[in-house]
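Structure first, then comments.
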There are 2 protein chains.
Amino acid sequence: MKTYFECIPCFMQQALKAGKMTAKDNRQLKTILDETGCLVKTFSMQSTPAEYGAEVYKLIRKITGVEDPYKEIKQQSIKEAKELYPELKNIVKNSENRLLTAVRIAIAGNIIDFGVNKKFNLKEDVQRILTQNFAVLDFDTFNDAVQKAKTILYIGDNAGESVFDKLLIEEMSDKKVIYAVREIPVINDAVYEDAVESELDEVAEIISSGAKAPGTILNQCNENFLNIFNTADLVISKGQGNYEGLSDVKRPLFFLLKAKCSVIARDLKINENDIILKGINIS
Amino acid sequence: MKTYFECIPCFMQQALKAGKMTAKDNRQLKTILDETGCLVKTFSMQSTPAEYGAEVYKLIRKITGVEDPYKEIKQQSIKEAKELYPELKNIVKNSENRLLTAVRIAIAGNIIDFGVNKKFNLKEDVQRILTQNFAVLDFDTFNDAVQKAKTILYIGDNAGESVFDKLLIEEMSDKKVIYAVREIPVINDAVYEDAVESELDEVAEIISSGAKAPGTILNQCNENFLNIFNTADLVISKGQGNYEGLSDVKRPLFFLLKAKCSVIARDLKINENDIILKGINIS
């Protein structure tokens, strides 16, 4: 997905938000906004928003020296999600269609996002998504693909959401699941230690995709990830950032996300706040 | 009022909005965003947001060659407001306190603003504001000041809102009222011809303040305006942009506005969407 013009003010907003959390004083915060402003000119609208985001968060790291501004927030998100886990597990167990319910829960976890400028209430939003209609629901093909798959690559998104992903991966327990995280902290995206903290190591092999962006940009990913990406029987891509990087790839793939901004919604031809399980290139 | 950090993404948003209306193609729109981005670095947080805005709209004019992107929208706003005029006039006539009701109506007109990133429904919003409580209501001192004044400077804000201002000025019909507008089009702010189209020439002398910003920046105003500003018995300042430029002046002044963004609300120590009639430096 290419960058939309609407993404540009949004990056400035994200720089402000992350800058407020990390800058040691107003002068440093102004420098962050100055540099984010200068970045606009260097950037092509042909790139993905995730690549743009990578540059914004890189300059914040450079200016502030803070490697992981969202560290505490991520730990808190994981803690809150883990507190919900037993209740959510029961919902899956007692549901008519366990896989579909676990898909819903995994999408519900996608609301944990501090990049998009929205507030959320984890428990309330989860309840709503559990009964929300899907704007796109390719469940039959997804179910087929899961049943047939021996290896599944699951590309994670945010920390906290990772706990919800675990519930879906548990419904694929007879498969070899590889859970991919970002190489370095960007926004509240999960890195290796967040995935371990979410206890994903109990159900999957955790790898880094090599991504330094808030999404999966294939030409920035490491060889190990690319090998798995190219050979896995099924690839599941969680969230907006991964969609941004992978929406135009040629291989079969399932996107699981909630459209949290108007740009993603427009690109997917759905409405903001819609949820989807969408397969592409499925034969 | 100084610029808040939150104003910076907002300017990028405004550049996008005005750019979409005026740019001849995506390349020109990108140039507008590039240049707006570069502008951040050149700007001090000690300046007012209105000064910042002036630079943004100046570069859009320079890049696109379009002098008045909001021309049609302004004409439409004035037309709609004029259609409401007879009804609003009746409300004033039948009210217990005509001056206060006219103040409310003048504030209601302040919702006509295409700079701030909000949608509005003129008729509905007017109805609501007619019964909304004021967060600050210095009505007694305002009433006193009006009764004692011989000359009143009324600093207008947006086109369309200007028609609502007329209703308030009509309640001061025994005074000499000077209605000040911007020198050149910025956002949907009223210029001379908009004030005439709003029939303000029937009740006031219309002058240009010399302002090329979406607000009154005194050091950018012309001599005639400054003379009147310094000598008028009463000065009424409408809207956010004028507040931004005049909030720190030393002379007595009444601000009439609806807080349409969180930054103005914070500066005034009120909540977003609150309405105020606030006097400063009143002895």
For the range B:79-86, state whether one or more residues are crowded, with 22+ Cβ neighbours inside 10 Å, under 30 Å from B:I280 (Cα atoms), away from every other protein chain (no Cβ under 14 Å) and not acidic (D, E). yes
With more than 13 Å from chain B (Cβ to nearest Cβ) and closer than 28 Å to A:L277 by Cβ as the only criterion, which of A:V92, A:V66 stands out? A:V92
Under 7 Å between Cβ atoms, which residue pairs at least 6 apart in sequence (or on different chains) link something in the range B:1-14 that is more than 9 Å from chain A (Cβ to nearest Cβ) and within 9 Å of A:Q13 (Cβ to Cβ) with a partner that is among the aliphatic types (A, V, I, L, M) and part of a loop (DSSP other than H, G, I, E, B)? none
A:K74: of a type outside the set (G, A, S) and either crowded, with 19+ Cβ neighbours inside 10 Å or in contact with a His (Cβ under 7 Å, 6 or more places away or on another chain) (or both), yes or no? yes
In this structure, is A:D113 touching a strand residue (DSSP E or B) at 6+ places or on another chain (Cβ under 7 Å) and at pLDDT below 85? yes
Picking from A:A23, A:A50, A:A102, A:A18, the residue that is touching a residue at least 60 places away in the same chain (Cβ under 8 Å) and within 14 Å of chain B (Cβ to nearest Cβ) would be A:A18
Please go through (1) away from chain A (no Cβ under 14 Å); (2) more than 17 Å from the chain's Cα centre (by Cα) for B:T36 and return the number of the only condition it doesn't satisfy. (1)
Test result for B:V263, surrounded by fewer than 24 Cβ atoms within 10 Å (Cβ to Cβ), aliphatic (A, V, I, L, M) and either free of Cβ contacts under 8 Å to residues at least 40 places away in the same chain or outside any helix (DSSP H, G or I) (or both): no
Could you list all residues from the range A:241-260 that are within 11 Å of the chain's Cα centre (by Cα), under 15 Å from A:V136 (Cα atoms) and not in a strand (DSSP E or B)? A:Y243
Of all residues in the range A:40-54, which are in contact with a helix residue (DSSP H, G or I) (Cβ under 6 Å, 6 or more places away or on another chain) and over 16 Å from B:L16 (Cβ atoms)? A:T48, A:A50
Matching residues, the range A:41-66, being surrounded by 23 or more Cβ atoms within 10 Å (Cβ to Cβ) and in contact with a Cys (Cβ under 8 Å, 6 or more places away or on another chain): A:P49, A:Y52
Tally of residues being more than 23 Å from B:G245 (Cα to Cα), touching a strand residue (DSSP E or B) at 6+ places or on another chain (Cβ under 7 Å) and of a type in the set (S, T, N, Q) across the range B:124-174: 1
Residue among B:D194, B:D174 that alone is buried (at least 20 other Cβ atoms within 10 Å of the Cβ), in the same structural domain as B:S237 (by TED's automatic domain parsing) and either touching an Asp or Glu at 6+ places or on another chain (Cβ under 6 Å) or not β-branched (V, I, T) (or both): B:D194
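The values are calculated or read from the model by the stated rules, or taken from the named source; none is laboratory data. Values in this document were obtained by computation on a predicted structure and should not be read as measured data. Quick reminder, even Gly has a Cβ in these numbers, built from the backbone with ideal geometry, and neighbours come from all protein chains shown.
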